[in-house]
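Participant: Here it is, the structure in full.
The values are calculated or read from the model by the stated rules, or taken from the named source; none is laboratory data. Model, not experiment: these values are computed from the prediction. Cβ: placed from backbone, ideal geometry, glycine included. Neighbour counts: every protein chain shown. Note: accessible area is taken over every heavy atom of the protein model, side chains too, but ligands, DNA and RNA are not part of it. Shrake-Rupley method; radii C 1.70, N 1.55, O 1.52, S 1.80 Å.
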Amino acid sequence: MSASSAFNDDKGGSSSVGEAEYAYDPVSGKIFSSDYNRHDDLKEMLDSNKDSLKLEAMKRIVAMIARGKNASDLFPAVVKNVACKNIEVKKLVYVYLVRYAEEQQDLALLSISTFQRGLKDPNQLIRASALRVLSSIRVTIIVPIMMLAIKEAASDMSPYVRKTAAHAIPKLYSLDPEQKDQLIEVIEKLLADKTTLVAGSVVMAFEEVCPERIDLIHKNYRKLCNLLIDVEEWGQVVIINMLTRYARTQFLNPNINESLLEEGSGGDKTFYGSDEDEDEDDDEKEKEKKAEAAAMAKRKPYVMDPDHRLLLRNTKPLLQSRNAAVVMAVAQLYFHLAPKAEVGVIAKALVRLLRSHSEVQFVVLQNVATMTIKRRGMFEPYLKSFYIRSTDPTQIKVLKLEVLTNLANETNISTILREFQTYIKSMDKDFVAATIQAIGRCATNIGEVRDTCLNGLVQLLSNRDELVVAESVVVIKKLLQMQPEKHSDIIKHMAKLTDNIQVPMARASILWLIGEYCEHVPKIAPDVLRKMAKSFTNEEDIVKLQIINLAAKLYLTNSKQTKLLTQYVLNLAKYDQNYDIRDRARFIRQLIVPTEKSGALSKYAKKLFLALKPAPVLESPFKDRDHFQLGSLSHLLNAKAGGYQELPDWPEAAPDPSVRNVEVPEWTKCSSREKRKEKKVEKPFYSDSEGESGPTESADSESDSATASDSRSGSEESGSGSESESEEDSESEEEEEEKKSKKKELKKPVQESESEQSSEEEDRKPEKKSKQQKSDSESESDEDEESESESSPSESEDSESEAEVKKKKKVAESKPPSKPVKKEKKEMSLLDLDDFEPAPSPQVTPVNTLLSNSLVTDLEGLSLSDSVLSPATIAPSSALKNYELLHRITGEGLTVEYCFSRQPFSPDANMVAVQLQFTNNSSSDTKSLHMEDVKLQSGMRVKEFPEIELLPAGETASAVMGIDFCDSTQAANFQLCTHTKKFFVSIQPPVGELMRTVFLTENEFKKEQGQLMGMNEITEKLTLDARCRNEHAIVQRVTAAANLSRVPCGSDKECRFAGRTVTSSSLVLVTVATREEGAAQLTVNCEKMVIGTMLVKDILLALTQ
Amino acid sequence: MGEHRRRSAQTTGKLFFLSVVQTEVPPLFVVEFLHRVADTFQDYFGECSETVIKDNVVIVYELLEEMLDNGFPLATESNVLMEMIRPPTILRSVVNTLTGGSNVGEKLPTGQLSIIPWRRAGVKYTNNEAYFDVIEEIDAIVDKSGTTVFAEIQGVVEACVKLSGMPDLTLSFMNPRLLDDVSFHPCVRFKRWEADRVLSFIPPDGNFRLMSYHVSSQNLVAIPVYVKQNISFLETGSCGRLEITIGPKQTMGKTVEALMVTIHMPKSVLSVNLTATQGSYTYDLTTKALIWTIGKLNPQKLPNLRGSLSMQSGVPKPEENPSINLDLKIQQLAISGLKVSRLDMYGEKYKPFKGVKYLTKAGKFQVRT
């Protein structure tokens, strides 16, 4: 076959595309058949004036390259076209150049001037691609030119070009590592860039060129954290991985208290030691903390650096990313950096990834396997997601098995074993073998089931598949080693198996067992040796070695019967082909058979051979894998890959946090307050930079609108976010306070001061707002100034005392519960208007309505948490949550809110009372407010509220309506009508509002609970939120989530609640039993299973967040 | 392209994508990128197969050139790519040959620069429409006795949005509390979801997956069908018996369609001799897969498959019965009960045409025997 025909064959594929394009050129067919001329013709085409011909030629050349054919002799002809105007030709020339430039360096230089011109082109795409290709040409002579181009591009006005510059950095570095210092300068400059486009690429360059220069990150840390959510997904992965490393060097271990406790509580060690082996060190915290809280506080109170918190908070939403790499990156960040109580959030996301492609599954399972060793509790709720399907590929099955084994504990072992039982019957024999090993591991780890497992395995010995039997023998051997005296019958049984089992490993294991425990089977052992001696020559090496071993041991214990046999075996071994066996035989003979020459050792032969051997530890192959950063290639391979950056250990003492402060002249001193401040200030920068990169951006909402509006309210992200924020604030405040009054006094018990301060803090927020709102004309910058002044230390005292006053006022005000809420509301809406009305772009308007909406809900959340936290409102009935029925904008000035008043609805006891609050924000009166056209699910009923005749402008009215939801959470839809308008609205109750309180005694409760077992009982394990570990907080949260009343209870470890559903009067019983370390168990007994499950969910949410 | 890479491969259909890496890189990063490449090919050429790639090698080169720079992903949004490199159509290639135009865009796509890279500017449609498909898959393992060992629902909301301009959409559900775990297309505003449980987003143009979600096993998962089976291999002689009946269980009053049963028989089963009361069956001798295509499930007359299996003689009987994999579809039903309550559009004046479809499918639905 000549080359030409082969080429034609190949050609067949590509011609079909091209057909339409070059069928018009009748010559092309001929060109291709004449092999030797083809390059000439291509050259001709490239030299022609017609772009279409050039394009055609380039396409063919690229196709040649793709097929691995050498097209390098065309280089001069192609290079000429680098200046071609047709952009597609140009791109293909670039492809060619990058491929061949290194081979033809001199010729490649011809093209450089074109790129240099391209770098000055007004079109940013051309500038960028010129830089891309220039930096991809690996010719050393042009390094200085590249360097210059990169430096210039790094200050280009187009972020796209700057991004390209960031990409060019590692290319140049790999070409000439001596440029490192200069490149670092460029990286430093680009790191300061504020566009999301550049962030990912420059961090990638940083990782490749100078990962050790962690100091470059300090100043950009907060910016990176804040930008993260808007960076493109690939950038996110790189940034998160880098920040994980960074955080490990800069912050303290959030779990440090636990490790300290271990050292500190030496006296208690034995007590806790008992459960340590089962659950590592997870269980101890709660109890000890109480006892030693004071002492600990003196020694080393752990306060999380606000920057550390910032990182955790900003990465959390990315768990919802569709990109598996991003989810994995966040998961490893949480695993390596988060406090134990918070790591749990990643489990759900990782389990979700298990639905993905099998490659993704493989990687994720590897990581999950490592995580389960350290933090088993995290994945326990998802146990069933790791169940194996017969259609899974074997390697996935084995990994899932690994995870299941790691997750096994006393409570779930029976389900797991049942599951294993089905696996054993699988047709996939490798998998069956792995399952048997897994059973072995479960048996060693969990003492209670050891006998069950052993029995199960013994039954497997009669399996027809030899592999299964062999594997079982091996595992049984390991198990028996733990307590041989109890199981001599099993050993006997196994001795019988030597006749049948042929798998060498299994035979060897049996022989070893008999030899080791020959005292337990004194009669059988010699007989086995006799049989083995007979078949010695036909055995595998590994079996032969064990036969010698058995012979030696028997000789030592029972030399009368076995002396001759041993001699015989040793003689056979002496002439074996394998030198190992010959060696062993010689060695053993010297040891056991006493001769004149034998040394001192033979006296100790018995001790040597029959020493007590420690039972093997069956452990996971994933143990200790976590010293590799999770999610990395090195972790996957369990070997260090090139360029892997070790994850550093936590520092002993935190490095100076002030390095992360961005220099702005006003703030000279470093305090935690300033830090908070900067977070806020950075955002305007960010939105500036967005403005510069194009008009379309302003159309997108959340992030920039958030920056526009949230600059003040910091980062209360969402409903519960506000709470966590306040906590953090109070923490940092504490820190500060401590600095001030270092020796003055010891801290008050932590919790008290915390809650006090947090309520202060929260009071202050609305305060700020109201201030602002009063001076209507205040501009953005004023706002900044104001909050600045508030956070500057000199004034902080004032503001605090102010807040104190405010707080008192607030308490006074809070007596009539509805009023202050309403007031706040109104202020907020005014605030929105001030903020947003002057927005310039027409596109922005609709987004604003959305935003203001979400802002209101944010604030609503705020006011809610306010009321929940303030001590005045402990009584459950006052912790009412307001829901929005009609927003001011959609309602054209009319705002309607509703809350479930939790009062009995007098006209009809089967209805839930809903209190509506109407506010007329418009300038005209609203008349005849009533409801119409009620649409309900079958069975539901509504008692309408009485018509409100007149609602003057600016006034507020309230009314009560009753809805019988039929114990379902289906929404009640109806129209709210005024004299001019109709609005569609709907009320959907949280499940907790579908019940009314009942009072039960402890005994009644127990009795009722006894009747609602089985299907009607739902039990859920949970880890209580750190702020919700006392009884008081639990009661508060549960009663806020559901309208239940407390049932008295003798134990302080349990809180019980009871209620009845409104419609059907079914009992609802809730028990929260707390354990150490924030662990708790929630039990809901309810005849209505749907209500029960939903209630469990809600209460879980309330207790864990 | 990714010049220095080692390891990591995966398949789509029969094609393997291999990427070589030399240094440390998150494995999922590579895997995810390769999937993105495969998806892009799919978008451009309609399928991702060897012939298609051979035929379009130039475009493939151009695409990879845009997607990767020195091994780091550059532009992976197919909306952006389509603006830079236009997908091949017959019409376009004809036009290009006549006018000498090219497939490559002259300008930097606007999406590349904005923070909404997924949407290109200046989209125009005469018919503005937005369709959403709520597709749920039931993953379940049912054991021999018919009890559910494990069941969960995985759902996705697929969207096909063809709207002009820059629409800002808000999609809300009747019962968002059902959703246990969600992941979103980057366009969805996460904060809005956290606060109000509504999906607020500026959609990409065309088809995309808006969200995928998970309804956990804590909520009782309705299992739409039950399977009565009896598969036995006789100890003596070389045959076995098989009988399978399928009936409706919790179908919420909808018809079960496209019912299909797949059983991977043990190697020793040589052939099968069965009769089906409904549908037809095939037995692949090489893969040992018995596939019974049933179609619609008629509750009055339950489909039944019975008959004998002939086994290789002299081989011990298989100790485990093969498990049964089920496939089915239920139109107009989301088995979790999830319902879209409304879709609102802001930012544009016109009135779009809206539609929602529901579909329930069997995912990995396995009955152990």
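Participant: Considering only protein heavy atoms, with the full assembly of protein chains and a 1.4 angstrom probe, order A:K54, A:K486 by accessible area, largest first.
Facilitator: So the residues, ranked largest to smallest area, are A:K486, A:K54.
Participant: Apply the Karplus curve 6.51 cos²θ - 1.76 cosθ + 1.60, θ = phi - 60°, to the phi angles in segment A:442-449 and return the couplings in whole Hz, x for Gly and Pro.
Facilitator: 4, 5, 6, 6, 10, x, 4, 9
Participant: A further question on this structure: Find the relative contact order for chain B and round it to a whole percent, using C-alpha pairs within less than 8 Å whose residues are 6+ positions apart.
Facilitator: 17
Participant: What nm distance separates the two modelled labels at A:S559 and A:S535, each placed 7 Å from Cα along Cα→Cβ?
Facilitator: Distance between label points: 3.0 nm.
Participant: Pairs A:K163/A:K219; A:K943/A:K1007; A:K881/A:K1006: which exceed 24 Å Cα-Cα?
Facilitator: Long pairs (Cα-Cα over 24 Å): A:K943/A:K1007; A:K881/A:K1006.
Participant: Regarding segment B:213-353, what are the three Cα extents along the principal axes, ordered largest first, in Å?
Facilitator: Principal extents (Cα only, largest first): 76, 30, 30 Å.
Participant: Whole percent per 10 Å bin, from 0 to the bin with the longest distance: what is P(r) over all C-alpha pairs of chain B?
Facilitator: 4, 18, 22, 24, 19, 10, 3, 0
Participant: Moving on. Angle check, please: helix B:27-45 long axis (alpha carbons) against the longest principal axis of chain B (alpha carbons), in degrees 0 to 90, nearest 10.
Facilitator: Compared with the principal axis, the helix lies near 80 degrees.
Participant: Counting protein heavy atoms only and a 1.4 angstrom probe, how many square angstrom of accessible surface do chains B and A bury in total, to the nearest 100?
Facilitator: Buried area between the two chains comes out at roughly 9600 Å².
Participant: Now for a separate question. List the residues, sorted by chain then number, that are 5 or more residues from A:R138 or on another chain and whose placed amide H is less than 5 Å from its amide H.
Facilitator: The answer is A:E102.
Participant: Here's a follow-up. What number, in percent, do you get for the relative contact order of segment A:343-489 if the mean sequence gap of Cα pairs under 8 Å and at least 6 apart is divided by its residue count?
Facilitator: About 16 percent, as a whole number.
Participant: Also, I was wondering about something else. Please give the Cα centre distance for segment A:1078-1094 versus segment A:49-108, rounded to the nearest Å.
Facilitator: About 70 Å separates the Cα centre of segment A:1078-1094 from the one of segment A:49-108.
Participant: Also: Taking the Cα atoms only, what angle lies between the long axis of helix B:57-67 and the longest principal axis of chain B, rounded to 10 degrees?
Facilitator: 70
Participant: What are the residues whose amide H is under 5 Å from the amide H of B:K249, where those residues sit 5 or more places off or on another chain and H is modelled from the backbone?
Facilitator: It is B:V225, B:Y226, by chain and number.
Participant: If you take each beta carbon of peptide A:236-248 and count the beta carbons of other chains within 10 angstrom, what is the mean?
Facilitator: Other-chain Cβ atoms within 10 Å of each residue's Cβ, averaged: 1.
Participant: Still on this structure, I have one more. Would you grab the residues whose amide H sits under 5 Å from the one on A:M995? Only those 5+ places off in sequence or on another chain, please, with H modelled 1.01 Å from N.
Facilitator: The list, which skips near neighbours in sequence, is A:N1043, A:V1062.
Participant: Moving to a separate point now. Roughly how far apart, in whole Å, are the Cα centres of segment A:913-958 and segment A:301-357?
Facilitator: Their Cα centres are 45 Å away from one another.
Participant: Relative contact order (percent) for segment A:976-1073, with alpha-carbon contacts under 8 angstrom and 6 or more residues of separation?
Facilitator: Dividing the mean separation by the residue count of segment A:976-1073 yields 32 percent.
Participant: Taking one equal scatterer on every alpha-carbon of segment A:368-509, how large is log10 of I(q)/I(0) by Debye at q = 0.15, 0.21 1/Å?
Facilitator: -0.73, -1.29
Participant: Beyond 18 Å, what share of the Cα-Cα pairs of segment A:475-563 is found? Please give it as a whole percent.
Facilitator: Every Cα pair in segment A:475-563 considered, those over 18 Å come to 35 percent.
Participant: In whole Å and largest first, what semi-axes does the C-alpha gyration tensor of segment A:951-1105 yield when each eigenvalue is scaled by 5 and square-rooted?
Facilitator: 34, 18, 14
Participant: If you don't mind, another one. Too long at a 32 Å Cα-Cα cut-off: which of A:K397/B:K254; B:K124/B:K191; A:K397/B:K162; A:K478/B:K228; A:K486/A:K544; B:K124/B:K357?
Facilitator: A:K397/B:K254; A:K397/B:K162; A:K478/B:K228
Participant: Can you work out the base-10 log of I(q)/I(0) for segment A:96-166 at q = 0.28 1/Å, using the Debye formula on its C-alpha atoms alone?
Facilitator: Cα-only, vacuum Debye calculation for segment A:96-166: -1.28.
Participant: Moving to a separate point now. Farthest toward the dipole's positive end in segment A:915-1007, which of A:V998, A:T978, A:G962, given Cβ charges of +1 (Lys, Arg) and -1 (Asp, Glu) about the Cα centre?
Facilitator: Ranked along the dipole, the leading option is A:V998.
Participant: Here is a further query. Would you mind computing Rg(Cα) / (2.2 N^0.38 Å) for segment A:546-630, counting N as its residues?
Facilitator: 1.53
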